[in-house]
Amino acid sequence: MDAWVVYESMFGNTKALAEAIAAGLAAREVRVLEVGEAPLVIPATVGLLIVGCPTHAFGMSRASTREEAAKEAPHGVLSARIGVREWFDALERDASGTTAAVTFDTRVNRPRLPGSAAAAAEKRLKRLGFATVARPMSFYVHGKEGPLVEGEIERATEWAAQLGTEFMPVS
Ligand SMILES: Cc1cc2nc3c(=O)[nH]c(=O)nc-3n(C[C@H](O)[C@H](O)[C@H](O)COP(=O)(O)O)c2cc1C
């Protein structure tokens, strides 16, 4: 079984976590895919789908929030074409209902700021028939453009290692 890590990222923080998560799943077949490049059908060989996105306006990004982000990125944003929301709009349902799926997001490190793109993404995956198997996870950045709060890369690697042990045991 393979694992896919599909991410959306404007300034690179969510991408860095996606790569850390792939590292945490070491010894398994892992593909890291930018959401604009991610296929619209998840092959049956994928046993674990991990989807990550930045929190924008208390939820998943929209074209308007990505445009806002682009204004603050003179060299352009990484996910310039679509976000996870639009990918879900086009993604084929999981007919088997057995593909394990987990979501994560990035959010600013401000106490009591509500809203999590990962929680919204989990709901969409459930409606698409995926078997959401772990609670949505948030990782924190210092400001809109980052950087990541110290220790978040390591926390992401450890989180992925636990997911791997639980849902993709290496025989
Ligand atoms: C338009 C816009 C709206 C945002 N809204 C929120 C928000 O509601 N809550 C939050 O915690 N962070 C918010 N942020 C900060 C993003 O979560 C942050 O930019 C992101 O986590 C950085 O990850 P990235 O580099 O992968 O894009 C917002 C950022 C932008 C650009």
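What follows is calculated from the coordinates using simple rules that are stated; it is not laboratory data. Because the structure is a prediction, the values reported are computed rather than measured. Glycine also receives a Cβ, built like all others from the backbone with ideal geometry; neighbour counts cover every protein chain displayed.
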Point to revise | 5 angstrom amide H check on residue 133, placed H, neighbours 5+ away | key: 101
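Efficiency by 1/(1 + (r/R0)^6): what FRET value for residue 145 and residue 26, r their Cβ-Cβ distance, R0 = 30 Å, to the nearest 0.05?
So, using R0 = 30 Å, E works out to roughly 0.55.
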Exercise for review: Compute the relative contact order of region 1-99 as a whole-number percentage, counting only Cα pairs closer than 8 Å that sit 6 or more residues apart in sequence.
Suggested key: 37
Point to revise | Backbone HN-Hα couplings from phi across region 49-60 [Karplus 6.51/-1.76/1.60, Hz, Gly and Pro as x] | key: 10, 10, 10, x, 8, x, 7, 10, 6, 6, x, 6
Point to revise | Extension gain (nm, one decimal) between residue 41 and residue 90, 0.36 nm per residue minus Cα-Cα | key: 16.7 nm
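Pairs of alpha-carbon atoms within less than 8 angstrom and 6+ residues apart define the contacts here; what relative contact order does the chain have, in percent? Could you put the intermediate results ahead of the total?
Details: 347 pairs, mean separation 49.4, N = 171.
So the answer I get is 29 percent.
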Point to revise | Segment residue 128-residue 33, length gained on full extension (0.36 nm per residue, minus Cα span) | key: 32.3 nm
Study note, to complete from the structure: For region 83-93, in residue order, the Karplus 3J(HN,Hα) values (coefficients 6.51, -1.76, 1.60; θ = phi - 60°; whole Hz; Gly and Pro = x) are x, 4, 4, 6, 5, 4, 4, 9, 5, 5, 4
**Study point:** Amide H within-cut-off set for residue 141, under 5 Å, with H built and near neighbours excluded
**Key:** 107, 108, 109, 149
Study note, to complete from the structure: Counting only DSSP beta bridges fully inside region 13-171, the antiparallel percentage to nearest 5 is 10
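What list do you get for 50, 82 if you sort them by fewest beta carbons within 10 Å? Present the calculation step by step, with values, prior to reporting the outcome.
Values: 50 25, 82 19.
With the sparsest Cβ surroundings first, the list reads 82, 50.
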